[in-house]
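The values are calculated or read from the model by the stated rules, or taken from the named source; none is laboratory data. All values derive from a computational prediction rather than experimental measurement. Backbone-built Cβ (ideal geometry, glycine too); neighbour counts: all protein chains shown.
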Amino acid sequence: MNYLAHLHLGGEQPQQLLGSLYGDFVKGPLAGRFPQPLEAAIRLHRQIDVFTDRHPLVLAALARFPAGRRRYAGIMLDVFFDHCLALHWQDYAGQPLEQFTGRVYRVLAAQADLPGRLAQIAPYMAADDWLGSYREFTVLGQVFRGIARRLSRPEGLEGALDEVAALYQPLLDDFRAFYPELQAFAGKARQPA
């Protein structure tokens, strides 16, 4: 899952929203590095990643990509699934996408010490409405190019948008089958022990 899905699944409280993003920017043991609610949200982020990476529906979706693309298929699928979520948001959330993303951007702006690269990208994320822009399929091309710049082998994502476009309907069907299961998993994982 990519940013939007993690934010949607991680809980509504500010510390949960922050932790849902921190999970991509904070590595290693947590043990007291952050307030407990924030650490719990980072742990949930990691649990969501493990659940997703091992799920049979996700493995089947990844198998749709040609063998030569498999190393990058997980990245492509994560981004595409955020597109599916943004485009069909009303099917999975109780508030409009614009309200949700606006709240996320306000929480980020109010946090003085965002970790690592998140501190650098948060202002751009808000200014350019990265989360809401996932509704537009063509935006995924920009996302893939941005991710490729951070890879040791950026050529691995060349042509990614065309490849995802060719698989659009089956991958959308995969998302629709998988996401409710992921929502149920995340909801249960958020419950206090």
Self-check item: Subset tally (residues that are in contact with a Leu (Cβ under 8 Å, 6 or more places away or on another chain) and under 17 Å from Ala67 (Cα atoms)) for the stretch 132-159
Solution: 1
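Which of the following residues is of a type in the set (A, V, I, L, M), part of a helix (DSSP H, G or I) and either out of contact with any strand residue (DSSP E or B) (no Cβ under 9 Å at 6 or more places or on another chain) or closer than 18 Å to Asp129 by Cβ (or both): Leu85, Leu114?
The unique qualifying residue is Leu85.
Considering only helices (runs of 4 or more DSSP H) fully contained in the stretch 1-59, which possess at least 3 residues that are under 15 Å from Arg190 (Cα atoms) and of a type outside the set (A, V, I, L, M, F, W, C)? Explain how you work it out, then say what you get.
Working: elements: 3-9, 14-22, 36-54.
Those helices (runs of 4 or more DSSP H) span 14-22, 36-54.
For the stretch 38-52, what are the residues that are hydrophobic (A, V, I, L, M, F, W, C) and touching a His at 6+ places or on another chain (Cβ under 7 Å)? Break it down stepwise before answering.
Of the stretch 38-52, the ones hydrophobic (A, V, I, L, M, F, W, C) are 38, 40-42, 44, 48, 50-51.
Answer for the stretch 38-52, where residues must be hydrophobic (A, V, I, L, M, F, W, C) and touching a His at 6+ places or on another chain (Cβ under 7 Å): just Ile48.
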Practice problem: Taking only the stretch 91-140 into account, find how many residues are closer than 17 Å to Met76 by Cβ and in contact with an Asp or Glu (Cβ under 9 Å, 6 or more places away or on another chain). | Solution: 2
Practice problem: Determine, yes or no, whether Tyr134 is free of Cβ contacts under 8 Å to residues at least 60 places away in the same chain, surrounded by 12 or more Cβ atoms within 10 Å (Cβ to Cβ) and among the aromatic types (Phe, Trp, Tyr). | Solution: no
Exercise. Please enumerate the residues belonging to the stretch 136-180 that are under 17 Å from Phe80 (Cβ atoms), assigned to a helix (DSSP H, G or I) and charged (D, E, K, R).
Key: Arg145, Asp162, Glu163, Asp173, Asp174, Arg176
Exercise. Exactly one condition in (1) exposed (fewer than 15 other Cβ atoms within 10 Å of the Cβ); (2) small (Gly, Ala, Ser); (3) in a helix (DSSP H, G or I) is not met by Gly94; state its number.
Key: (3)
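Can you tell me which residue within the stretch 102-111, out of those that are in a helix (DSSP H, G or I) and touching a residue at least 60 places away in the same chain (Cβ under 8 Å), is farthest from Ser20 (Cα to Cα)? If you could, list the steps in order and put the result at the bottom.
First, pick out the residues of the stretch 102-111 that are in a helix (DSSP H, G or I): 102-110.
Going one step further and asking which of them are touching a residue at least 60 places away in the same chain (Cβ under 8 Å), we end up with 103-104, 107-108, 110.
Working: Arg103: 14, Val104: 10, Val107: 12, Leu108: 11, Ala110: 16 Å.
So the residue we want is Ala110.
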Quiz item: Restricting the search to the stretch 99-130, which residues are of a type in the set (D, E, K, R), at pLDDT 95 or above and more than 17 Å from the chain's Cα centre (by Cα)?
Solution: Arg106
Practice problem: Answer yes or no: is there a residue in the stretch 124-131 that is over 15 Å from Leu18 (Cβ atoms), of a type in the set (Asp, Glu) and out of contact with any helix residue (DSSP H, G or I) (no Cβ under 8 Å at 6 or more places or on another chain). | Solution: yes
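Out of Ala40, Ala31, I need the residue that is hydrophobic (A, V, I, L, M, F, W, C), modelled with pLDDT under 95, crowded, with 19+ Cβ neighbours inside 10 Å and more than 17 Å from Phe137 (Cβ to Cβ). Which one?
Numbers: Ala31 fails: crowded, with 19+ Cβ neighbours inside 10 Å.
The conditions single out Ala40.
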